[in-house]
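Report on one structure; see the data block that follows.
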Amino acid sequence: MSFLSELDDRELGLAGRIGVTILRVALAILIPLVAFVILYYGFIFLRAGNAAKWLISLVAIVWGVGGVALLYWIFNWLIGMLPEQWSARLQPFIFVGPALAILAWYLAWPTVRTFYISLYGRDGPAAGNFVGLANYAAVFTQRLMREAFRNNIVFWIGIATPLTVIFGLLVAVLADRSRYERVAKSFIFMPMAISFVGASVIWNFIYEVKPAGAPQIGLLNAIVVALGGQPQAWTAYTDIRPWNNLFLVIIVVWLQGGYSMTLFSAALKGIPQELLEAARVDGATEIQIFFRIMIPYIMGTIITVTTTVLIFTLKVFDVVWVMTGGQFGTGVIATQFYRQSFTNRNAGYGAAIAIVLFIAVIPVMIYNLRQFGEQEAF
Amino acid sequence: MKRLQRLRGPILVNGILALLVIIWMVPIVGILVSSFRDRSAVQQTGWWTVFPHRTWVLAEEIAPRETGAIVDEENRVVEVAGVRATFDELREGIETPDGKRVQWVGNWRIGRVEVQEKKWEVSSDFSLKNYQQVLGGKDFEYQNPDGSVEIIPGDNFWGALFNSLAVTVPATVIPILIAAFAAYGFAWMKFPGRRPAFVVVVALLVVPLQVALVPLLQFYNRIDLNGTFLAIWLAHTGFGLPLATYLLFNYISTLPRETLESAFIDGASHFTVFTRLILPLSVPALASFAIFQFLWVWNDYLVALVFLGGNPDFQVVTMRLANIAGSRGQDWHLLTAGAFVTMFLPLVVFFSLQRYFVRGLLAGSVKG
């Protein structure tokens, strides 16, 4: 609206000034209105979804990205119309406000709401069946939930997490001494770009089973048969229950190993070379250097990686859902949550499971906040 | 001796490293190879048979009844190609001292005997047929070895790819834009409640998104937004914002103060400084988070399942793949090709922008 501001600078008559003001107000109403109409029709078009797929995608992208940019621009412009001191006071909220509003609406409020739902029976608060903490009592006593807790704690937190951390550390240390560091790291890192659903398909193919006697097309069973064993449906192998969970754990270690490797690799590069040289001169063996110097030096990274992987394994869902659907004793908290909330439509019980998951991450949240509190920057 | 020791180190290190890399890559190679193999080949032989390997190849075929090879019809004893054995033994296959194998194929009445030799073999029958079917296939005709024709339905990944793009691009750009504004506000503006507001952002970093799903779904149902792109963009925006704001704040708050101050002295507004100065300067941080969010949204299954699950027209690639895995788990020709279709774009993004991705990981990667 540069021509309007130019007008301001000139000497105008009273009529002129009134005219400009009216024009300004009119524009202030008109432009948001036009923007709103455009956005609204874009929305209707997208919701109907009966045009060609590529067109919908294109409109969706332009509408979504352009719409947000447009909204910021309009807000900023509207604020510019206000008197100086008001616009200066309001401007930070234009910048920070949308983010805070979305956070409140998409994370903070739903968490409170979920807790509220968890106090009601299967049809939620609408049915008015207040049950207090009964859902929580059920969460901790029901057989499938206890199995889920066992799997999450023993297999996912107890085995998958340390395996991921140790594997990452091992590769980082090895790669650090190799000439082929970059290539090796790229390969190990690659699964991070693959979806859990994709990884599940990939590993299902490794675990694929054919009847005994027929040629095995799954690599694992082919090896087992070649060594004289019997082919098995590994993830559904209930004879070894609960150890069939390990076949799911392997998938997540495969996916997350690259993450842990990357962080450790960067941390190892941060160890001063003189320190290592000095230790070698003093006659320390490589193993001593690893345990006495490297490990203490990268302790902060070990904690970061462990908590990140821990949170991740606590919420593991896709892999289990696609591989077994939580059957054969492989259910976890997140699959139970999904089953109760969306398959069984037991709103109260599902909400209670979600809140338990939330409570489980609170220690990490407190740790993060404490770390943040120590930062001087703010 | 000294030199030997110095040599042993790298060999051992590189050896273990190579072994780990191979183990890590084998699953991916397996489905990549299989995705180019014919449907029946994928079903019947392991994908590793495409590599040169020694296998039994038919050398001679004998009709046992015509050649009088059957010695004892009652006890089913056969003498053929220099081997005397029972029918059951022959069905398993008997290896002769000169490196051949004699095997009875088929049943006792109308079977035949094969003499096989071990030969090097490579199967190299690769095609893009699986990809054609999984991308835009309706029904595909298959000629079985016995001449009969089988009709196998394909799948429509093409549409799902467009859906994934339509979900992912805005769900990546929108949170970046909103978070960049917020990060600038937190870093360079003074306003009441600044610190508590940022504490909330940090606290929300690890909130599991499961706690938000049901209330949001109910809300979407109420305003008739469920199953739309807008619904899922906003959901991903909400779930990605804490990390985005946190990462971008860490970056933007460390930009040199003098640069900004001189711009303000020149009379630039916050909005101008932000769009003309801060955004271009923050490209590395924006790219880091963009890759993060892109991979996260593209690979997401749960959020799509909840918010787009009711609308089959809007299924994204992860949902389609999971659907095939669930309902047609034996159709490996579709599953392998489909898995690769879903992986292709993230792998391209990943390898071309790996540097930024690593930077983003190092800057903090706790996400709900």
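FYI, it's all coordinate maths here, none of it is from the lab. Please read all numbers here as calculations on a predicted model, not as lab measurements. Glycine gets a Cβ as well: all are built from the backbone with ideal geometry, and neighbour counts include every protein chain shown.
Would you kindly work out the equivalent ellipsoid of region A:134-377 from its C-alpha gyration tensor and give its semi-axes, the square roots of five times the eigenvalues, largest first in whole Å?
Values for region A:134-377, descending: 36, 28, 14 Å.
Long-range amide H contacts for residue A:129: which residues qualify at under 5 Å (H placed 1.01 Å from N, peptide plane, sequence gap of 5 or more or a different chain)?
Those lying under 5 Å, H to H, from residue A:129 are A:121.
I want the local charge near residue A:231. Using Cβ-Cβ distances under 12 Å, sum +1 for each Lys or Arg and -1 for each Asp or Glu among the other residues.
0
Using the Karplus curve 6.51 cos²θ - 1.76 cosθ + 1.60 with θ = phi - 60°, what ³J(HN,Hα) values do you get for each residue of region A:321-336, in whole Hz, with x for Gly and Pro?
In residue order, the calculated couplings are 4, 6, 6, 10, x, x, 7, 6, x, 10, x, 10, 4, 5, 6, 5 Hz.
Given springs between every Cα pair under 10 Å in a Gaussian network model of chain B, which of B:336, B:168, B:275 has the largest fluctuation?
B:275
With equal scatterers on the alpha carbons only and no solvent term, can you work out the Debye log10 of I(q)/I(0) for region A:4-118 at 0.14, 0.16, 0.17 1/Å?
The Debye formula, applied to the Cα set alone, gives -0.85, -0.97, -1.02.
For residue A:175, what charge total do you get from the other residues with a beta carbon under 14 Å from its beta carbon, if Lys and Arg give +1 and Asp and Glu give -1? Write down the numbers at each step before the final one.
On the way: positive: A:177, A:179, A:182, A:185, A:269; negative: A:176, A:181.
Once all neighbours under 14 Å are counted, the net charge is +3.
If R0 is 41 Å, what FRET efficiency do you get for residue A:281 and residue B:19 from their C-beta distance, rounded to 0.05?
Values: r = 32 Å, r/R0 = 0.78.
With a Förster radius of 41 Å, E is 0.80.
So if I place +1 on the C-beta of Lys and Arg and -1 on the C-beta of Asp and Glu, and nothing else carries charge, what would the dipole magnitude of chain B be about its Cα centre? I want it in debye, nearest 20.
For this selection, approximately 2220 debye.
Tell me the net charge near residue B:63. Cut-off is 15 Å between Cβ atoms, residue B:63 excluded, with +1 for each Lys or Arg and -1 for each Asp or Glu.
Net of charged neighbours comes to -2.
Would you be so kind as to identify which of A:278, A:18, A:209 lies farthest towards the positive end of the dipole of chain A, taking Lys and Arg as +1 and Asp and Glu as -1 on Cβ and the Cα centre as origin?
The residue sitting farthest along the positive end of the dipole is A:209.
Could you work out the longest stretch of chain B that avoids the GluC sites (Glu not before Pro) located in DSSP loops with at most 16 other Cβ atoms within 10 Å?
After excluding every exposed loop site, the longest remaining stretch is B:75-368.
Could you identify which residue out of A:259, A:349, A:297 has the top mean-square fluctuation in a GNM of chain A using Cα springs shorter than 10 Å?
Largest GNM mean-square fluctuation: A:297.
Based on alpha-carbon centroids, what's the gap between region A:294-326 and region A:265-285 in Å, whole number please?
One Cα centre to the other: 28 Å.
Nearest 500 deg cm²/dmol is fine: what mean residue ellipticity at 222 nm does the protein assembly as shown get from its DSSP H runs of n ≥ 4 alone, each adding -39,500 (n - 2.57), divided by its residue count?
-20000 deg cm²/dmol
What ranking do B:35, B:164, A:186 get, fewest neighbouring Cβ atoms within 10 angstrom at the top?
A:186, B:35, B:164
Please compute the average number of Cβ atoms from other chains found within 10 Å of each residue's Cβ in peptide A:110-116.
Counting other chains' Cβ atoms within 10 Å and averaging over A:110-116 gives 5.
Would you be so kind as to identify which of A:129, A:336, A:197 lies farthest towards the positive end of the dipole of chain A, taking Lys and Arg as +1 and Asp and Glu as -1 on Cβ and the Cα centre as origin?
A:129
What trypsin sites (Lys or Arg not before Pro) in region B:259-354 are in a loop by DSSP, with at most 11 other Cβ atoms within 10 Å of the Cβ?
Numbers: sites: B:276, B:320, B:328; in loops: B:328.
Passing sites in region B:259-354 do not exist.
Which is farthest toward the positive dipole end of the protein assembly as shown among B:153, B:198, B:47, measuring Cα position about the Cα centre, with Cβ charges +1 (Lys, Arg) and -1 (Asp, Glu)?
Final value for the positive-end residue is B:198.
What trypsin sites (Lys or Arg not before Pro) in region B:150-227 are in a loop by DSSP, with at most 11 other Cβ atoms within 10 Å of the Cβ?
Taking region B:150-227 and a limit of 11 other Cβ atoms within 10 Å, the loop trypsin sites (Lys or Arg not before Pro) found are B:190.
Using unit Cβ charges (K, R positive; D, E negative) and no other charged atoms, how large, in debye to the nearest 20, is the dipole of the protein assembly as shown about its Cα centre?
1680
Please compute the average number of Cβ atoms from other chains found within 10 Å of each residue's Cβ in peptide A:61-67.
Rounded to a whole number, the mean comes out at 6.
Take each of the peptides A:163-171, B:128-136, A:80-88, average the number of other beta-carbon atoms within 10 Å over its residues, and list them starting from the highest.
A:163-171, B:128-136, A:80-88
Across every pair of different alpha-carbon atoms, what Kirkwood hydrodynamic radius in Å does the protein assembly as shown reach?
For the protein assembly as shown, inverting the mean 1/r across all distinct Cα pairs yields 29.7 Å.
For chain B, modelled as a GNM with alpha-carbon contacts under 10 angstrom, which of B:270, B:236, B:333 fluctuates the most?
B:270
Which order do the peptides A:352-365, A:314-327 take when ranked by the mean count of other beta-carbon atoms within 10 Å per residue, highest first?
A:314-327, A:352-365
Shielding by partners for A:164-173, please: the mean number of other protein chain Cβ atoms within 10 Å of each residue's Cβ.
The shielding value for this peptide is 1.
Can you grab the distance from the C-alpha centre of region B:93-112 to the C-alpha centre of region A:33-88, Å, no decimals?
A separation of 75 Å, based on Cα centres.
For the pairs A:210/B:118; A:210/B:100; A:315/B:190; A:210/B:119, note any where the Cα-Cα span goes beyond 29 Å.
Cα-Cα > 29 Å for A:315/B:190; rest within.
May I ask you to sort A:189, B:219 by Cβ crowding, counting other Cβ atoms within 10 Å and putting the fewest first?
Lowest count first: B:219, A:189.
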